[in-house]
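*Asks:* Here's a structure for you.
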Amino acid sequence: MKKLFTIKLVFLYIFLTGFIFSCTELFSNENSADDIRSLDQKVETLLSKMTLEEKIGQMNQYNGFWDFTGPVPKGGHAEKKYEDLKNGLVGSMLNVRGVKDVTAVQKVAVEQSRLGIPLIIGFDVIHGYKTISPIPIAEAASWDLDAIKKSAEMAALESSAAGINWTFAPMVDISRDARWGRVMEGAGEDPYLGSKIAEARVNGFQGDNLSLNSTIAACAKHFAAYGFAEAGRDYNTVDIGTSTLYNMVFPPFIAAKNAGVKTFMNSFNELNGIPATGNKYLQRDILKEEWAYDGFIVSDWGSITEMIAHGHAKDGEHAAELALNAGSDMDMESYLYVKHLENLVGDNKVNLNSIDDATRRILKVKFELGLFDDPYKYCDLEREKEITGSEGINNAALDIAKKSIVLLKNNNNLLPLKKEGQKIALIGALASDKTSPLGSWRIAADDNTAISVLEGLNQYQGNTVTFAKGADLTYGKTEFVTELKINTTDKSEFKKAKEVAINADVVVMVLGEHGFQSGEGRSRTSLELPGVQQELLEEIFSVNSNIVLVLNNGRPLAINWADENIPAILEAWQLGTQSGHAIAQVLYGDYNPSGKLPMTFPRNVGQVPLYYNYKNTGRPNLPGPDSVFWSHYNDEENTPLYPFGYGLSYSTFKYSNFSITNNFEKNSKIEITIDVKNTGAIEGKEVVQLYIRDKYASITRPVKELKGFELLNLKAGETKAAKFELTEKELGFYDNEGKWILEKGEFEVYVGTNSQTQNKKSFELK
């Protein structure tokens with residue numbers, strides 16, 4: 001498919017006479033003089049041969065629009081898009097997947113356009129392609145950076161085999177509000193943990209060599225502050241200060257940038273009254289200038305057009321002007337760049353240098369992907385068949401799924417379950433569901449491909465498992481693009497479930513949210529179990545209190561009643577393709593749960609946003625009996641139901657010998673050690689967490705900040721030392737001008753099993 005010159009002399013003659021040939025030809029010839037040029041030189045050579053219209057074309061991204069292996073489209077948007085594709089006016093396509101379709105669309109761009117510039121093929125590979133790993137917030141609960149990196153690596157491998165070379169992930173938005181549906185897509189509430197996970201996922205997607213056909217370009221999104229949408233309502237406005245922006249929002253983006261992420265995506269929200277897509281401060285001043293980022297920025301879907309609805313742009317032409325001047329390099333599905341930018345240049349409203357800069361950034365990524373060497377490098381039918389759903393990818397999905405499960409409660413060691421001789425009642429519509437466990441943002445995965453909890457438990461033959469639905473969670477269609485209909489009235493199956501439960505030794509109830517109750521556009525005002533599930537739980541409890549509650553959900557839930565009454569609770573999120581196997585292995589103790597919460601669980605939705613790294617008020621504590629003049633609620637506690645970093649094990653762990661060097665000088669470090677002993681009877685893992693508190697500063701600091709963690713694997717009775725270092729990087733912060741500062745003062749260091757640990761040492765920075 002790749003076109004090559006066979007006679008070097010002819011190539012040189014044509015090149016020297018200035019005749020413009022296909023750039024695919026120009027840059028794919030292994031023996032050409034261009035092979036010895038730097039990447040920048042290659043980009044500049046190509047850029048010099050492009051018309052203004054062709055440059056703008058590279059900045060235009062279209063969604064898939066026709067059956068690529070079928071007839072050429074006639075009429076409407078499809079025909080317009082097809083003609084643009086032939087004329088070199090499309091730089092990227094999204095939602096084109098599968099080798100046959102990707103080959104077909106790439107063939108049009110490469111072999112029919114004047115310069116033959118290959119397309120970059122984008123897709124939302126959020127937590128897997130066909131084989132689905134846990135939703136990202138679940139993966140974050142593993143605190144296992146190697147497993148998270150491996151998950152992204154497998155997602156890149158499988159999606160690249162389907163022709164995709166660019167994913168719109170990772171989402172690195174920090175969010176403190178469980179009402180926001182997209183918390184499922186991120187790493188939770190903490191910027192330190194979020195930064196480490198951002199780095200791991202970028203490295204997993206992109207690998208050490210982006211030019212391989214097994215790696216794909218990553219995209220850090222959404223820049224910036226999307227996770228702080230007011231009231232947790234998606235797409236809503238954001239109003240935060242500079243301190244929050246720099247200290248909470250920016251760190252994971254900086255980590256992604258430092259990891260070499262090739263693209264950024266701007267966000268739907270406004271910041272300081274300016275939509276992010278048209279926000280020069282965010283895109284040019286911060287990202288491209290202050291951080292010296294050399295990749296490109298893509299808009300979110302239609303977000304350039306949406307600046308009109310925001311009340312920031314007069315019309316489409318004005319929106320294109322604002323977005324480009326602000327630094328948004330590629331237009332995703334607004335059609336405004338390709339329609340208006342040429343005229344805007346002619347009217348001197350857009351500088352040609354800005355067009356060149358955007359085009360240059362896009363071409364560079366295409367060169368780095370190796371698309372000019374071989375536009376069809378990702379298009380191998382045999383490879384697609386061999387890799388999709390392979391054993392290695394499924395094994396990786398199972399591994400991270402087990403590690404993502406968090407044990408929230410285990411009174412009287414109800415778990416792990418005995419492997420034989422028990423009658424188990426399995427109750428809940430989600431227990432037999434093979435689609436919901438896939439979660440949201442799994443566009444390429446087929447329905448009914450997840451292993452259900454019922455299937456997972458049935459792999460263990462020593463017990464008798466009897467299933468009863470209890471009640472439907474939803475009714476009607478369950479689709480990514482439409483609202484779910486939740487069952488709030490039908491309790492007709494309650495009686496049958498109670499009959500199954502009453503004679504069981506143990507009841508396993510699988511309750512929570514459907515996979516499409518979280519994700520984009522899925523905000524909630526309630527964080528309780530949806531529908532009639534709470535009533536079902538209480539009804540079953542009335543006949544058999546020996547219940548293990550398995551939660552399937554995409555956000556923190558308020559489960560006060562369950563915490564007070566149910567003896568064992570597992571947070572099992574939406575774990576993907578291998579969900580049922582992972583849950584069953586944890587329930588039976590073949591895997592000792594090791595997950596820790598990456599987000600605080602509230603007692604009541606009225607506490608939200610609720611997060612561990614809050615700041616004290618001037619009145620943080622109760623001054624006396626029945627006093628009202630302190631920061632509190634009069635109808636609920638301030639404390640969470642389960643704190644950030646919380647998670648139990650079938651083992652128990654003892655912390656001792658906490659030591660810290662008590663001196664710190666510039667360019668030095670503080671060393672912290674603590675011994676951790678597995679005092680349980682079986683091998684287990686413990687995430688040892690280190691927090692600091694800067695007791696006073698020119699800008700108030702949080703009561704605790706995560707600054708390190710170590711995942712220890714400990715055999716029964718084994719002791720290991722967790723070791724940490726604190727440097728200027730961990731002890732400093734950003735001021736209100738966005739300047740990194742390190743101040744003298746007193747610090748507290750906490751090391752323990754979650755954010756509420758009281759293992760404390762102090763030191764002074766002089």
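Per-residue answers, yes or no, for (1) within 26 Å of GLN607 (Cβ to Cβ); (2) touching a Leu at 6+ places or on another chain (Cβ under 9 Å):
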{"residue": "LYS423", "(1), (2)": "no, no"}
{"residue": "TRP441", "(1), (2)": "no, no"}
{"residue": "VAL465", "(1), (2)": "no, yes"}
{"residue": "LYS485", "(1), (2)": "no, no"}
{"residue": "GLY519", "(1), (2)": "yes, no"}
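*Asks:* So, in region 750-766, how many residues would count as being assigned to a loop (DSSP other than H, G, I, E, B), under 29 Å from the mean Cα position of the chain (by Cα) and not β-branched (Val, Ile, Thr)? Full working, then the answer.
*Replies:* Our first condition is that a residue be assigned to a loop (DSSP other than H, G, I, E, B); within region 750-766, this holds for 753-759, 766.
Applying the additional criterion that residues be under 29 Å from the mean Cα position of the chain (by Cα) yields 753-757.
Going one step further and asking which of them are not β-branched (Val, Ile, Thr), we end up with 754-756.
Number satisfying all stated conditions: 3.
*Asks:* Separate question: Would a scan of region 72-85 turn up a residue that is in the same structural domain as ALA217 (by TED's automatic domain parsing), buried (at least 23 other Cβ atoms within 10 Å of the Cβ) and farther than 15 Å from LYS107 by Cα?
*Replies:* No: zero hits.
*Asks:* Could you count how many residues in region 226-243 are surrounded by fewer than 15 Cβ atoms within 10 Å (Cβ to Cβ) and part of a helix (DSSP H, G or I)?
*Replies:* Residues that pass the stated criteria total 3.
*Asks:* Hey, can you tell me all the residues within region 284-328 that are acidic (Asp, Glu), in a loop (DSSP other than H, G, I, E, B) and either without any contact (Cβ under 8 Å) to a residue 24 or more places away in the chain or buried (at least 21 other Cβ atoms within 10 Å of the Cβ) (or both)?
*Replies:* Selection gives ASP300, ASP315.
*Asks:* Kindly check whether there is at least one residue in region 262-276 that is aliphatic (A, V, I, L, M) and surrounded by fewer than 24 Cβ atoms within 10 Å (Cβ to Cβ). Let's see the steps before the verdict.
*Replies:* Of the residues in region 262-276, the ones aliphatic (A, V, I, L, M) are 265, 271, 274, 276.
From what's left, surrounded by fewer than 24 Cβ atoms within 10 Å (Cβ to Cβ): 271, 274.
Yes.
*Asks:* Still on this model: Among the numbered conditions (1) over 20 Å from GLU189 (Cβ atoms); (2) surrounded by fewer than 16 Cβ atoms within 10 Å (Cβ to Cβ); (3) in contact (Cβ under 8 Å) with a residue 12 or more places away in the chain, tell me where THR639 comes up short.
*Replies:* (1)
*Asks:* Restricting to region 50-71, give me the number of residues that are surrounded by fewer than 16 Cβ atoms within 10 Å (Cβ to Cβ) and under 14 Å from ILE117 (Cβ atoms).
*Replies:* 2
*Asks:* Of VAL550, VAL500, which residue is in contact (Cβ under 8 Å) with a residue 12 or more places away in the chain and either outside the structural domain of LEU575 (by TED's automatic domain parsing) or within 18 Å of ILE569 (Cα to Cα) (or both)?
*Replies:* VAL550
*Asks:* Which residues, taken from region 573-595, are farther than 19 Å from ILE424 by Cα, buried (at least 24 other Cβ atoms within 10 Å of the Cβ) and not polar (S, T, N, Q)?
*Replies:* Selection gives TRP573, LEU575, GLY576, PRO593, GLY595.
*Asks:* So GLN533 passes all but one of these: (1) under 26 Å from ILE451 (Cα atoms); (2) touching a helix residue (DSSP H, G or I) at 6+ places or on another chain (Cβ under 6 Å). Which condition number does it fail?
*Replies:* Going through the list (1) under 26 Å from ILE451 (Cα atoms); (2) touching a helix residue (DSSP H, G or I) at 6+ places or on another chain (Cβ under 6 Å), GLN533 breaks only (2).
*Asks:* Still on this structure: Do you know which of the residues in region 708-749 that are in a loop (DSSP other than H, G, I, E, B) and hydrophobic (A, V, I, L, M, F, W, C) is nearest to the chain's Cα centre (by Cα)?
*Replies:* The extreme case among them is LEU742.
*Asks:* Then there is this: Just give me the residues in region 423-446 being in a loop (DSSP other than H, G, I, E, B) and in contact with a Gly (Cβ under 8 Å, 6 or more places away or on another chain), in sequence order.
*Replies:* Scanning region 423-446 gives GLY428, THR435, GLY439, SER440, TRP441, ARG442, ALA445.
*Asks:* Here's something else I'd like to know. In the set LEU407, LEU371, which member is under 30 Å from GLU571 (Cβ atoms) and not in a helix (DSSP H, G or I)?
*Replies:* LEU407
*Asks:* May I pose another question? When you scan region 648-696 for strands (runs of 3 or more DSSP E) that lie fully inside it, which ones turn up with 3 or more residues that are modelled with pLDDT of 95 or more and within 18 Å of LEU407 (Cβ to Cβ)?
*Replies:* 684-694
*Asks:* Can we say ILE699 is outside any strand (DSSP E or B) and β-branched (Val, Ile, Thr)?
*Replies:* yes
*Asks:* Ok, one more. Determine the pairs where a residue that is within 19 Å of ALA721 (Cβ to Cβ) and assigned by TED's automatic domain parsing to the domain that holds ASN759, located within region 656-685, has a partner that is among the basic types (Lys, Arg) and in a loop (DSSP other than H, G, I, E, B) with Cβ atoms under 6 Å apart, the partner being 6 or more residues away or on another chain.
*Replies:* GLU683/LYS715
*Asks:* Go through region 106-143 and count every residue that is in contact with a strand residue (DSSP E or B) (Cβ under 6 Å, 6 or more places away or on another chain) and either surrounded by fewer than 24 Cβ atoms within 10 Å (Cβ to Cβ) or assigned to a loop (DSSP other than H, G, I, E, B) (or both).
*Replies:* Of the residues in that region, 4 qualify.
*Asks:* Suppose we keep only residues that are more than 23 Å from PRO593 (Cβ to Cβ) and part of a helix (DSSP H, G or I) within region 529-539. Which one would you say is farthest from the chain's Cα centre (by Cα)?
*Replies:* Initial filter on region 529-539 (more than 23 Å from PRO593 (Cβ to Cβ)): 530-532, 534-536, 538-539.
Still in the running and part of a helix (DSSP H, G or I): 534-536, 538-539.
Working: GLN534: 29, GLU535: 33, LEU536: 32, GLU538: 34, GLU539: 37 Å.
Filtering region 529-539 for residues that are more than 23 Å from PRO593 (Cβ to Cβ) and part of a helix (DSSP H, G or I), the one farthest from the chain's Cα centre (by Cα) comes out as GLU539.
*Asks:* I've got another one for you. Among THR489, THR449, THR466, which is at pLDDT 95 or above and in a strand (DSSP E or B)?
*Replies:* Of the residues listed, the single one that is at pLDDT 95 or above and in a strand (DSSP E or B) is THR466.
*Asks:* Sticking with this structure for a sec: Could you grab the pairs with beta carbons closer than 7 Å, sequence gap of 6+ or different chains, first residue in region 713-741 and under 16 Å from SER698 (Cβ atoms), second one part of a loop (DSSP other than H, G, I, E, B) and among the charged types (D, E, K, R)?
*Replies:* PHE733/ARG701; ILE741/ASP735
*Asks:* Filter region 607-636 down to the residues that are exposed (fewer than 13 other Cβ atoms within 10 Å of the Cβ) and among the charged types (D, E, K, R) and list them by number.
*Replies:* LYS615, ARG619, ASP626, ASP635
*Asks:* Here's another thing I want to ask about it. Find the residue count for region 86-102, including only residues that are buried (at least 22 other Cβ atoms within 10 Å of the Cβ) and within 14 Å of TYR376 (Cβ to Cβ).
*Replies:* Count: 2.
*Asks:* Please go through region 458-497 and pick out each residue that is more than 29 Å from the chain's Cα centre (by Cα) and closer than 20 Å to LEU575 by Cβ.
*Replies:* Listed by number, the residues that qualify are ASN458, GLN459, TYR460, VAL465, PHE467.
*Asks:* For region 733-745, what are the residues that are out of contact with any helix residue (DSSP H, G or I) (no Cβ under 6 Å at 6 or more places or on another chain) and loosely packed, with under 14 Cβ neighbours inside 10 Å?
*Replies:* Of region 733-745, the ones out of contact with any helix residue (DSSP H, G or I) (no Cβ under 6 Å at 6 or more places or on another chain) are 735, 737, 739-741, 743-745.
GLU737, LYS739, TRP740, ILE741, LYS744, listed by residue number.
*Asks:* Inspect region 374-390 for any residue being under 27 Å from TYR246 (Cβ atoms), free of Cβ contacts under 8 Å to residues at least 60 places away in the same chain and assigned to a helix (DSSP H, G or I) and give the result as yes or no.
*Replies:* No: zero hits.
*Asks:* I'd like to check something: does region 340-347 contain any residue that is of a type in the set (Val, Ile, Thr), assigned to a helix (DSSP H, G or I), in contact with a Phe, Trp or Tyr (Cβ under 9 Å, 6 or more places away or on another chain) and surrounded by fewer than 24 Cβ atoms within 10 Å (Cβ to Cβ)?
*Replies:* Within region 340-347, none of the residues are of a type in the set (Val, Ile, Thr), assigned to a helix (DSSP H, G or I), in contact with a Phe, Trp or Tyr (Cβ under 9 Å, 6 or more places away or on another chain) and surrounded by fewer than 24 Cβ atoms within 10 Å (Cβ to Cβ).
*Asks:* Could you count how many residues in region 613-629 are in contact (Cβ under 8 Å) with a residue 12 or more places away in the chain and either of a type in the set (Phe, Trp, Tyr) or in the same structural domain as LEU714 (by TED's automatic domain parsing) (or both)?
*Replies:* Residues meeting the conditions: 1.
The values are calculated or read from the model by the stated rules, or taken from the named source; none is laboratory data. Nothing here was measured: the structure is a model prediction, and the numbers come from that model. Virtual Cβ from ideal backbone geometry, glycine too; neighbours counted across all protein chains shown.
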